[in-house]
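The values are calculated or read from the model by the stated rules, or taken from the named source; none is laboratory data. Remember, predicted model here, so these are calculated numbers, not experimental data. All Cβ positions, even for glycine, are placed from backbone atoms using ideal geometry, and neighbour counts span all protein chains on display.
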Amino acid sequence: MPKQFIKILLSTFLVLGSFALITTVATAESVNQLPPSDVENYLMGRFNPAKHNAFVKVPAKYANRKGYYLRKSAFEAFKKMYEAARKDGVKLIIRSATRNFDYQKRIWERKWRAQKKSRSAVNKARNILKLSSMPGSSRHHWGTEVDLNAFRNDWFDHDQGLKLFRWMNNNAAKYGFHRPYTKKDSKRPTGYNEERWHWSYTPLSIPMLRDAAMVLNDSKIRGFLGSETASQIGVVKNYILGVDESCR
Ligand SMILES: [Zn+2]
């Protein structure tokens, strides 16, 4: 084959390759026009939200403490929702927001060490996965998620909790917020148990979930105690993608 021809062939591949790259970056709009390798790092929480220019610090008045971060547009929407709720006598309190990989790793490994020694690795992981994500697979990495008021479903069954839950169910969608972890049933057969406190800003998180479905796989979920179980459990399919249809 003449060298000239090989050269032309190579440059064609290069041009096509860059087009593919540009297309991927365009679909990654949700993660702030990042190149693909950065999309993966972003979705897996491998960054510091305090140093990321798409994030803002949540003022303490909206939360139980200072120091939480959210994506700017998610927080703008939250503020509007917060004010509307306040006018209706409902006080929304952010109890958790963005958590990066290292933060999630601390939560996961603390729970891992607390598991009965006699349990198999897979059973330890499944037990933690009832409510907590493996590092690298949490929606809380994305800057789009908030946990509100109380970490117990039954808190939302009566009094203030019930009033808040009803208000959110009637109004949150107007501000772009939906609940990914609804009751587990035939419509949502896999994933975490119900979390009435967890809400997602879907104008950002739906495209991010699509990116996650393309970019992530179980073998990438690693770097913490018990990560070898991710593939057996099918974390990407059963947990990351195991969300309510309002969040897909
Ligand atoms: Zn949550």
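Points worth noting:
- Within segment 117-147, the only residue that satisfies the criterion of being touching a Phe, Trp or Tyr at 6+ places or on another chain (Cβ under 7 Å), more than 20 Å from Thr190 (Cβ to Cβ) and surrounded by fewer than 23 Cβ atoms within 10 Å (Cβ to Cβ) is Asp147.
- One residue stands out among those in segment 112-122 that are in a loop (DSSP other than H, G, I, E, B) and not polar (S, T, N, Q): the one that is farthest from the ligand (Cβ to nearest atom), which is Lys117.
- Total residues in segment 92-111, condition part of a loop (DSSP other than H, G, I, E, B), under 17 Å from the mean Cα position of the chain (by Cα) and either polar (S, T, N, Q) or farther than 18 Å from Leu131 by Cβ (or both): 2
- Test: residue in segment 97-110 that is farther than 19 Å from Tyr239 by Cβ and either touching a Lys or Arg at 6+ places or on another chain (Cβ under 7 Å) or within 14 Å of the ligand (Cβ to nearest atom) (or both): yes
- Subset of segment 104-122 [without any contact (Cβ under 8 Å) to a residue 24 or more places away in the chain and closer than 25 Å to Thr182 by Cβ]: Lys111
- Those residues of segment 166-187 which are charged (D, E, K, R) and either more than 14 Å from the ligand (Cβ to nearest atom) or more than 14 Å from the chain's Cα centre (by Cα) (or both), in sequence order: Arg166, Lys174, Lys183, Lys184, Asp185, Lys187
- Residues in segment 97-106 that are surrounded by fewer than 18 Cβ atoms within 10 Å (Cβ to Cβ) and under 15 Å from Asp147 (Cβ atoms): Tyr103 alone.
- Count of residues meeting criterion [over 27 Å from Met214 (Cβ atoms), assigned to a helix (DSSP H, G or I) and of a type outside the set (Asp, Glu)] in segment 40-86: 12
- The residue pairs whose first member lies in segment 188-200 and is within 8 Å of the ligand (Cβ to nearest atom), whose second member is among the hydroxyl-bearing types (Ser, Thr, Tyr) and in a loop (DSSP other than H, G, I, E, B), and whose beta carbons are closer than 7 Å, counting only pairs six or more residues apart or on different chains, are Glu195/Tyr181; His198/Tyr181.
- Test: Ala60 is surrounded by 12 or more Cβ atoms within 10 Å (Cβ to Cβ) and either in contact (Cβ under 8 Å) with a residue 40 or more places away in the chain or of a type in the set (Ser, Thr, Tyr) (or both): no
- Residue count for segment 237-248, restricted to those that are surrounded by 22 or more Cβ atoms within 10 Å (Cβ to Cβ) and more than 16 Å from the ligand (Cβ to nearest atom): 0
- Residues of segment 183-230 that turn out to be within 19 Å of Met134 (Cα to Cα), buried (at least 19 other Cβ atoms within 10 Å of the Cβ) and among the hydroxyl-bearing types (Ser, Thr, Tyr), as a count: 5
A quick yes/no check of all residues on (1) more than 15 Å from the chain's Cα centre (by Cα); (2) at pLDDT 95 or above:
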site	(1), (2)
Val31	no, no
Pro36	yes, no
Asn41	no, yes
Leu70	no, yes
Ser73	yes, yes
Ala85	yes, yes
Gly89	yes, yes
Ser118	yes, yes
Leu131	no, no
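- Flag for Gly89 being more than 14 Å from the ligand (Cβ to nearest atom), surrounded by 13 or more Cβ atoms within 10 Å (Cβ to Cβ), in a loop (DSSP other than H, G, I, E, B) and touching a residue at least 24 places away in the same chain (Cβ under 8 Å): no
- Answer residue from segment 123-156, given it is more than 16 Å from the ligand (Cβ to nearest atom) and not aliphatic (A, V, I, L, M) and is nearest to Arg179 (Cα to Cα) among those: Asp154
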